[in-house]
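Undergrad: Following this message is one structure expressed as structure tokens.
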Amino acid sequence: MDIPKNHPRYESLILREKVKECLKQGILSEVGVAAHGRGEAFDYLLGEKTSLEAKRSIKAAAIMLCEAKNPVISVNGNTACLVPKEVVELSKIVPLKIEINLFYRTKEREEKIKERLENHGALDVLGVGESASENIPGLESMRGRVSKEGIFSSDVIIVPLEDGDRALALKNMGKKIITVDINPISRTSMCSDISIADNIVRVMPALIEEVKKFKSRETEKDFKFDNNENIKKTIELMRSNLLDYQKNIKER
Ligand code: PTJ
């Protein structure tokens, strides 16, 4: 569908078109559409821009990724739909491994997501078919199936767009978790080591830039990050944005 460029919700509608297309192609799960809608609602509360808190968490994530021994990005249907090019670029510059990990796992979806990532330049995609032969202890869902050389043996994992029980199970295995979840109070955000509360379409380009800065030694050496403080400030920002909306109604 042709979306008029001057539509006030242009960017959001373009993303919806992408989601619709990925659903048709079998990349996104049907439930992934609901997950996207939940993300849109939180984006409204954040004013649809990257907050200072999100910028700080992105910088902390870049440092953690670059200092990791075996970093991995976990890719589900929503992530593969929205940011395939950026996932591949990040995997090359850190470098890190790409692993497909689906809640609604089917062979067909694994293959389609792999193909989408390969079309964007991915060379080695883990987590497909027999490659996911290990299990995350204590996790009953399909997300528990992971590859030995990827998530199972990783030290740092980026877990985007997932509000569930896997992050905690991975933490219990002794891993460091970075999440990209625009909802700062999701289970995953609350138990991660670094919680990036921003839209993944804005996070990935910013994360790639921060990794480049770290690699070229432009990141300040004494950068400190406190995830709990950052989550609290993000919630405060949402609250103050809501109060601004309320004030605007009174003044109209
Ligand atoms: O592809 P599969 O089979 O693995 O299925 C993926 C599901 C839909 C199961 C997975 O995405 C999921 O667990 O969805 P949830 O539980 O709704 O969690 C998704 C989280 O991501 C929610 O907290 C949303 O607010 C958040 N979110 C949605 N869209 C975005 C987002 N966060 C950042 N950027 C977005 N664009």
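The values are calculated or read from the model by the stated rules, or taken from the named source; none is laboratory data. Remember, it's a predicted structure, so these values are computed and weren't measured experimentally. Neighbour counts run over all protein chains shown; Cβ positions are idealised from the backbone, glycine included. Ligands, DNA and RNA are excluded from the accessible area calculation, which covers all protein heavy atoms including side chains. Shrake-Rupley method; radii C 1.70, N 1.55, O 1.52, S 1.80 Å.
Undergrad: If a residue must be in a loop (DSSP other than H, G, I, E, B), within 22 Å of Asn70 (Cα to Cα) and either in contact (Cβ under 8 Å) with a residue 40 or more places away in the chain or small (Gly, Ala, Ser) (or both), how many such residues does the range 182-227 contain?
TA: So the count comes out to 5.
Undergrad: Among the numbered criteria (1) within 10 Å of the ligand (Cβ to nearest atom); (2) more than 23 Å from Ile194 (Cα to Cα); (3) open to solvent by less than 40 Å² (accessible area, probe 1.4 Å); (4) not basic (Lys, Arg), which single criterion is violated by Thr106?
TA: Condition (3) is where Thr106 drops out.
Undergrad: In this structure, does Gly32 turn out to be in a loop (DSSP other than H, G, I, E, B), farther than 21 Å from Asn227 by Cβ and either more than 13 Å from the chain's Cα centre (by Cα) or more than 10 Å from the ligand (Cβ to nearest atom) (or both)?
TA: No, not satisfied.
Undergrad: Out of Leu65, Leu13, Leu23, I need the residue that is away from the ligand (no atom under 13 Å from the Cβ) and free of Cβ contacts under 8 Å to residues at least 12 places away in the same chain. Which one?
TA: Leu13
Undergrad: Counting only residues that are assigned to a loop (DSSP other than H, G, I, E, B) and surrounded by fewer than 19 Cβ atoms within 10 Å (Cβ to Cβ), which one in the range 140-156 is nearest to the ligand (Cβ to nearest atom)? Before the answer, list the steps.
TA: Start the filter on the range 140-156 by keeping residues that are assigned to a loop (DSSP other than H, G, I, E, B), which leaves 140-141, 147-150, 154-155.
From what's left, surrounded by fewer than 19 Cβ atoms within 10 Å (Cβ to Cβ): 140-141, 148-149, 155.
Numbers: Glu140: 15, Ser141: 9, Lys148: 20, Glu149: 21, Asp155: 23 Å.
Per the criteria, the residue is Ser141.
Undergrad: Then there's this: With respect to Leu102, determine if the residue is of a type outside the set (D, E, K, R), more than 17 Å from the chain's Cα centre (by Cα) and part of a loop (DSSP other than H, G, I, E, B).
TA: no
Undergrad: Can you tell me which residue in the range 157-168 is least open to solvent (accessible area, probe 1.4 Å), limited to those that are of a type in the set (A, V, I, L, M) and modelled with pLDDT under 95?
TA: Restricting to residues being of a type in the set (A, V, I, L, M) and modelled with pLDDT under 95, the top hit is Ala167.
Undergrad: Considering Lys221, Lys176, Lys171, which residue is of a type in the set (Lys, Arg), under 20 Å from the mean Cα position of the chain (by Cα), open to solvent by 10 Å² or more (accessible area, probe 1.4 Å) and farther than 25 Å from Lys85 by Cα?
TA: Lys171
Undergrad: Hey, can you tell me all the residues within the range 6-29 that are open to solvent by less than 70 Å² (accessible area, probe 1.4 Å), over 30 Å from Thr106 (Cα atoms) and part of a helix (DSSP H, G or I)?
TA: Once the filter is applied, which keeps residues that are open to solvent by less than 70 Å² (accessible area, probe 1.4 Å), over 30 Å from Thr106 (Cα atoms) and part of a helix (DSSP H, G or I), the range 6-29 yields only Tyr10.
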